[in-house]
Amino acid sequence: MRPEVKHLLSITDLGRDEIEEVLHTAASFEAIGEREIKKVPTLRGRTVVNLFYENSTRTRVSFEIAAKRLSADVINVSSSASSVEKGESLRDTAKTLRALGADAIVLRHPASGAPALLARFTDAVVINAGDGSHEHPTQALLDMYTVQKHFGSLEGLRIGIIGDIAHSRVARSGALGFSRMGARVFVIAPPTMIPVGVRAFGCTELTELDPVLGQLDVVYLLRLQRERHREPLLPSEHEFWATYGLTRERLVRLKDDAVVMHPGPMNRGVEIDWDAAESSATLVEAQVSAGVAVRMALIYLLMGGQATAEVA
Amino acid sequence: MTTLKARVMEPDDFRRATTRVAHEIVERNQGASDVVLVGIRTGGDLWAGRIATEIERIEGKRPPIGSLDITLYRDDIAQRGPLPVERTEVPDLNGRVAVLVDDVFFTGRTVRAALDAINDLGRPRAIQLAVLVDRGHRELPMRADYVGKNLPTSARENVRVLFEEIDGSDGVEIHEPPRSAAEGQ
């Protein structure tokens, strides 16, 4: 990691070499999760705060396990059980946490850009665990790890990200990350769900799934983020299912070695068929277990050398 | 950049030292049936492979070998920053004799970290230490069970162990940094 990379706010904070460094380190960390004693003493005495302003099980637990396996102390703060409910600003919460000795803050926030704001007020390491419809860089890293582990490399793979692109921070970070690693990314969605300027991420936009389905190496499905829709974007869920859902019929038309991914939580019958979700082509469980190793790698690379970075 | 001060082991010296250490391991443990060689990355794991080959020649059976990355157990991560971490692959150690193998024995901090790492990997019946070069300057109370070569050095010199597969030929060299600012192995 270049010393100027202090935080992970966006996947674009990392160059290709740095993404490779994270993925390579994660491979070494994955073995720790397979041992009887799943813990190393590396970050003894350091404190990681999980500051979550939105509900999350998967991501929060994954970060918590990752930090604990590195022997850091972990404190979970959720907005509903904190002074946030009493009207405290993000800035004051951050200052309080720093004063209490937080070395890193893992932030999930409904507002896009909140982690970048936080990074300006604190000298703790800030890791974006999902901000609004903006980015979810650690999800992108674990997805890249999962795909690279499965295929050996990301170079030249055809990856289709399908569904509610406009509201998906997973799609944004994923598209940016996958293209940075040399994959060819297609974003496939109803026109109302394709954000303006998506080509700037280095992807191809399509409004139909069927013409490219048989060419995709990775079929990456997204949930419809209804909680972020301010107006109806679809005639009906059924319409979405008929055109973009991974139905049983579409599943059999995939390339033989194609894989299906989903960041969770899955809505079976909306974007993915019940059986398709259970099919051997899905890497959903691999994604979840990669999450811990990838987050360990990232926490290690960002926090491991903090003392030197400050002195030097 | 450092400059070469002396070449202190040639391929033949390297081979003889390895053979002797292999014999000593076999003698001390009355054979090698319980022995697992655990090489500390990187260098120790390469030398462990050589020792295993010698033990196989003597005993007719190659002992299992593992490679251990001790980076996550170092006591200076905060000062040095996050060093690259490689995979640790160590066979079952429970009830076996683990022979830790390192190329250069210096302050003892690497070995201390390796002992901690082994503690998290299993419970060997005994742990022994084999080093190719003991250059002195210990900072912790430790000694090696098997030593390829005792090499008196000054703390500012660097000892470099060369392996055929990486450097073209086996050997040990002493390098000297220009003026001050010496950092050890």
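Looking only at the range A:101-144, count every residue that is surrounded by 21 or more Cβ atoms within 10 Å (Cβ to Cβ) and out of contact with any Lys or Arg (no Cβ under 7 Å at 6 or more places or on another chain) and tell me the total. Going through the range A:101-144 one residue at a time, the tally reaches 21.
Can you tell me which residues in the range A:195-216 are in a loop (DSSP other than H, G, I, E, B) and within 20 Å of A:Glu135 (Cβ to Cβ)? Reasoning before the result, please.
Applying the first criterion (in a loop (DSSP other than H, G, I, E, B)) to the range A:195-216 yields A:195-197, A:202, A:207-209, A:214-216.
The answer is A:Pro195, A:Val196, A:Gly197, A:Gly202.
Taking the options A:Ala140, A:Ala171, name whichever one is of a type in the set (A, V, I, L, M) and free of Cβ contacts under 8 Å to residues at least 60 places away in the same chain. So that I can check it myself, show each step before the final result.
Details: A:Ala140 fails: free of Cβ contacts under 8 Å to residues at least 60 places away in the same chain.
Testing whether each residue is of a type in the set (A, V, I, L, M) and free of Cβ contacts under 8 Å to residues at least 60 places away in the same chain leaves just A:Ala171.
Of the helices (runs of 4 or more DSSP H) lying entirely inside the range A:217-312, the ones with 3 or more residues being more than 14 Å from chain B (Cβ to nearest Cβ) and within 30 Å of A:Ala67 (Cβ to Cβ) are found at A:284-303.
Considering every residue within the range B:103-117, establish whether at least one is of a type in the set (Ser, Thr, Tyr), away from chain A (no Cβ under 14 Å) and touching a Lys or Arg at 6+ places or on another chain (Cβ under 7 Å). Talk me through it step by step, then tell me what you get.
Within the range B:103-117, the subset of a type in the set (Ser, Thr, Tyr) is B:107, B:110.
Imposing the further condition that a residue be away from chain A (no Cβ under 14 Å) reduces the set to B:107, B:110.
Remaining after also requiring touching a Lys or Arg at 6+ places or on another chain (Cβ under 7 Å): B:107.
The answer is yes, given that some residue of the range B:103-117 is of a type in the set (Ser, Thr, Tyr), away from chain A (no Cβ under 14 Å) and touching a Lys or Arg at 6+ places or on another chain (Cβ under 7 Å).
Is it the case that the range A:227-240 has a residue that's surrounded by fewer than 17 Cβ atoms within 10 Å (Cβ to Cβ) and of a type in the set (S, T, N, Q)?
Pass one, the range A:227-240, residues surrounded by fewer than 17 Cβ atoms within 10 Å (Cβ to Cβ): A:227-232, A:235-239.
From what's left, of a type in the set (S, T, N, Q): A:236.
Yes: one or more hits.
Among the residues of the range A:37-47, not a single one is modelled with pLDDT of 95 or more, touching an Asp or Glu at 6+ places or on another chain (Cβ under 8 Å), under 27 Å from B:Leu68 (Cβ atoms) and away from chain B (no Cβ under 12 Å). Contact annotation: residue pairs with Cβ atoms under 6 Å, 6 or more positions apart or on different chains, pairing a residue in the range A:257-283 that is within 18 Å of A:His167 (Cα to Cα) with a partner that is of a type in the set (Asp, Glu), are A:Val270/A:Glu237. The residue that is surrounded by the most Cβ atoms within 10 Å (Cβ to Cβ), among those in the range A:252-294 that are within 19 Å of the chain's Cα centre (by Cα) and of a type in the set (Asp, Glu), is A:Glu271.
Scan the range B:72-108 for residues that are farther than 24 Å from B:Arg50 by Cβ, outside any loop (DSSP other than H, G, I, E, B) and under 18 Å from the mean Cα position of the chain (by Cα) and jot them down. Those that are farther than 24 Å from B:Arg50 by Cβ, outside any loop (DSSP other than H, G, I, E, B) and under 18 Å from the mean Cα position of the chain (by Cα): B:Leu72, B:Tyr73. Taken over the range A:187-204, residues that are crowded, with 16+ Cβ neighbours inside 10 Å and within 25 Å of A:Leu142 (Cα to Cα) amount to 9. Of all residues in the range A:147-164, those that are surrounded by 24 or more Cβ atoms within 10 Å (Cβ to Cβ) and part of a helix (DSSP H, G or I) total 1. Residues in the range B:1-15 that are surrounded by 14 or more Cβ atoms within 10 Å (Cβ to Cβ) and modelled with pLDDT of 95 or more: 5 in all.
Please work out if A:Ala114 is within 20 Å of B:Tyr73 (Cα to Cα) and outside the structural domain of A:Pro263 (by TED's automatic domain parsing).
Details: within 20 Å of B:Tyr73 (Cα to Cα): no; outside the structural domain of A:Pro263 (by TED's automatic domain parsing): yes.
No; evaluated as a whole, the condition is false for this residue.
Of all residues in the range B:42-70, those being among the hydroxyl-bearing types (Ser, Thr, Tyr) and either surrounded by fewer than 17 Cβ atoms within 10 Å (Cβ to Cβ) or at pLDDT below 95 (or both) number 2.
For (1) surrounded by 14 or more Cβ atoms within 10 Å (Cβ to Cβ); (2) in contact (Cβ under 8 Å) with a residue 40 or more places away in the chain; (3) over 25 Å from B:Ala117 (Cβ atoms), each residue gets a yes or a no:
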position	(1), (2), (3)
A:His7	yes, yes, yes
A:Ile11	yes, yes, yes
A:Leu23	yes, yes, no
A:Phe29	yes, yes, no
A:Glu34	no, no, no
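A single entry from A:Asp123, A:Asp143, A:Asp92 fulfils the requirement of being closer than 28 Å to A:Glu20 by Cα and more than 20 Å from the chain's Cα centre (by Cα): A:Asp123.
The values are calculated or read from the model by the stated rules, or taken from the named source; none is laboratory data. This one's a predicted model, so the numbers in the text were calculated from it and none came from an experiment. Glycine gets a Cβ as well: all are built from the backbone with ideal geometry, and neighbour counts include every protein chain shown.
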